[in-house]
Amino acid sequence: MKGKIYFAIVLVVVIGGLQFFNSHVYNTVRASVYNTVRPLFLNGGGDSCLQDLDHMNVQYTKIDNIGQDRCPVKNAVRIINYPHTKLSAPVILSCPSAKNLALFFTDTGARNVSTFGTYNCKTRRGSSIISEHGYGTAIDISEIDSASVQKDWNKDTKEGETLRNAHQSACKRFSNVLTPDSNADHADHFHLDNGFGFGC
């Protein structure tokens, strides 16, 4: 792990230096470096993570490591529903992210959740950097128990309170949480992921 950290530090210094010379080269190199380094820090949690899902009564299908070299997912699982939470569609996540999602649903008491998806080998909008969706560590949520992110966010209503509580819980369970307040790209959903980040 120390070797990975030193390697990442050197790369950060190099691409930081490039920023002063050519912004196009900088952006290209930055994306290339990030896409190379990020998979080195993926952790599927191993059998102990799967055992945690068992103890939490999560019904899942184990699908091991999946994806391409560009978008690997470590210790992936497919979940149709959580014990007390019905999903609008099945989700594919790395085991640690699936576990965090279970804890998030428990925190919020969510019964019905609509999602825009989880695993998808794509880049971030307006960037060449691979999205956390490409590593199975992210989920986009558009609605929780009839509270619509697009319609009810920041409203002084029961639905608005549901979303505020969900946001606070997400900040404890995920390293990156994006809402309509973050940017226009998230006007209609929460983006929760376990990539590099510090919560909210």
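The values are calculated or read from the model by the stated rules, or taken from the named source; none is laboratory data. On a predicted model such as this, the values are computed, not experimentally measured, just so you know. As a convention, Cβ positions derive from the backbone with ideal geometry for all residues, glycine included, and neighbour counts pool all protein chains shown. Ligands, DNA and RNA are excluded from the accessible area calculation, which covers all protein heavy atoms including side chains. Shrake-Rupley method; radii C 1.70, N 1.55, O 1.52, S 1.80 Å.
In table form, for the structure just shown:
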item: Scope segment 33-73; condition touching a Phe, Trp or Tyr at 6+ places or on another chain (Cβ under 9 Å), in a strand (DSSP E or B) and either under 26 Å from residue 85 (Cβ atoms) or β-branched (Val, Ile, Thr) (or both); matching residues; result: 66, 67, 73
item: Residue match in segment 82-94 (condition: of a type in the set (Gly, Ala, Ser), surrounded by fewer than 18 Cβ atoms within 10 Å (Cβ to Cβ) and modelled with pLDDT of 95 or more); result: yes
item: Matching residues, segment 114-152, being at positive phi and touching a Gly at 6+ places or on another chain (Cβ under 9 Å); result: 136, 145
item: Close pairs (7 angstrom Cβ cut-off, 6 or more residues apart or separate chains): closer than 18 Å to residue 73 by Cα in segment 40-58, modelled with pLDDT of 95 or more and basic (Lys, Arg) anywhere; result: 42/74; 43/74; 44/74; 49/99; 50/62; 53/99
item: Test: residue in segment 153-174 that is on the phi > 0 side of the Ramachandran plot, of a type in the set (S, T, N, Q) and touching a helix residue (DSSP H, G or I) at 6+ places or on another chain (Cβ under 7 Å); result: yes
item: Residues within segment 142-200 that are basic (Lys, Arg), under 20 Å from residue 112 (Cα atoms) and touching a residue at least 24 places away in the same chain (Cβ under 8 Å), tallied; result: 1
item: Count - residues of segment 135-155 that are out of contact with any Ser or Thr (no Cβ under 8 Å at 6 or more places or on another chain) and closer than 24 Å to residue 28 by Cα; result: 0
item: Qualifying positions in segment 97-132 - open to solvent by 40 Å² or more (accessible area, probe 1.4 Å), within 18 Å of residue 175 (Cα to Cα) and under 16 Å from the mean Cα position of the chain (by Cα); result: 99, 103, 119, 124
item: Members of segment 44-62 found to be modelled with pLDDT under 95 and either under 19 Å from the mean Cα position of the chain (by Cα) or within 28 Å of residue 128 (Cα to Cα) (or both), listed by number; result: none
item: Filtered residue count, segment 131-148, keeping only those that are in a strand (DSSP E or B) and either acidic (Asp, Glu) or out of contact with any helix residue (DSSP H, G or I) (no Cβ under 6 Å at 6 or more places or on another chain) (or both); result: 5
item: Single residue of segment 163-183 satisfying the filter (among the aliphatic types (A, V, I, L, M) and either under 13 Å from residue 153 (Cα atoms) or modelled with pLDDT under 95 (or both)) that is most open to solvent (accessible area, probe 1.4 Å); result: 178
